[in-house]
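Data block below; observations after.
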Amino acid sequence: MKLWSQDEDINSLITAHNEWLASNGTIGKQLMLENVRMCDIDFREVDFRKALLKDVTFKNSILDGATFISGIFCRVEFYKCSIEKADFSKSLFLNTAFKKCELDSAIFKKLANLSSDIKFAYCKMLDINFENSTLENIDFHGAVMRKANFSNTIIENVDFRGADLTDAKFDNSSIYYTNFKSGSGMTTKLNNISWTNAYLNDTVKFSKIKNAPLIKKDMSPFEIFLLSEKKRL
């Protein structure tokens, strides 16, 4: 794997990519990175639209405000990076990991339907936006994602264990085979969440509610959870 730093030829590749974008592909060259490791690089507000990244690692780098719209990410890892206000809308992610990253106000709208196996465990991602996306096989456990927006999403086989989802929005979302439970030293925070017109089927898991005598046998896990929330108010 090639190791790049800020002063090497990555800058010339980005320049060629910007020319390719501006000319609709008539000049320049689309950015295609493979088997590359980038450390301590400042990519603030860089335009990576439609870039293709395979087996790439970003470590200790700054990508605040960068644009990755309609990009393709295959086996990409972001480690201890600052990626605040970056835009990943309409991108395709396959087996991609964000580890110990800061993603406040990042945008992941309308992700490609085939995106799966994305890991955000223990990331800080306040006010992050996943509107109108299909999220499948995603790991959010332990993430701090207050005010996250999951409106109009399809969520399937997603791990929210131990995540802080305070003030998050799941309006008009459909959720299946997803885990919101606390456990193993992790407390999932589900305070003041908006569930307007959300659909959660019986495969969705919430922590067991103690001392709730109004529970009926035919109640779904979500109905029991909502009952406990009303009791808490």
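General remarks:
- Estimated purely from DSSP H runs of n ≥ 4, each contributing -39500 (n - 2.57), the mean residue ellipticity at 222 nm for the chain is -3500 deg cm²/dmol once divided by its residues.
- Annotation for the range 155-204 versus the range 68-85: alpha-carbon center distance of 24 Å.
- Net lengthening on full extension, Ser194/Ser70 (0.36 nm per residue, minus Cα-Cα): 41.7 nm
- Cross-link pairs Lys124/Lys205; Lys54/Lys181; Lys54/Lys110; Lys85/Lys189; Lys59/Lys169 - those with Cα-Cα distance over 27 Å: Lys54/Lys181; Lys59/Lys169
- Projected onto planes of every orientation and averaged, the convex hull of the alpha-carbon atoms in the chain covers 13.2 nm².
- Karplus (6.51, -1.76, 1.60) ³J(HN,Hα), θ = phi - 60°, over the range 102-117, in Hz, Gly and Pro reported as x: 10, 10, 4, 6, 6, 10, 10, 6, 6, 4, 4, 4, 7, 4, 7, 6
- With Cα atoms, 0 to 90° folded angle of helix 221-232 axis to the chain main axis: 70
- Relative to the longest principal axis of the Cα atoms of the chain, helix 10-22 runs at roughly 80 degrees.
Values in this text are rule-based calculations from the coordinates and carry no lab data. Quantities reported herein were computed from a predicted structural model and do not represent experimental measurements.
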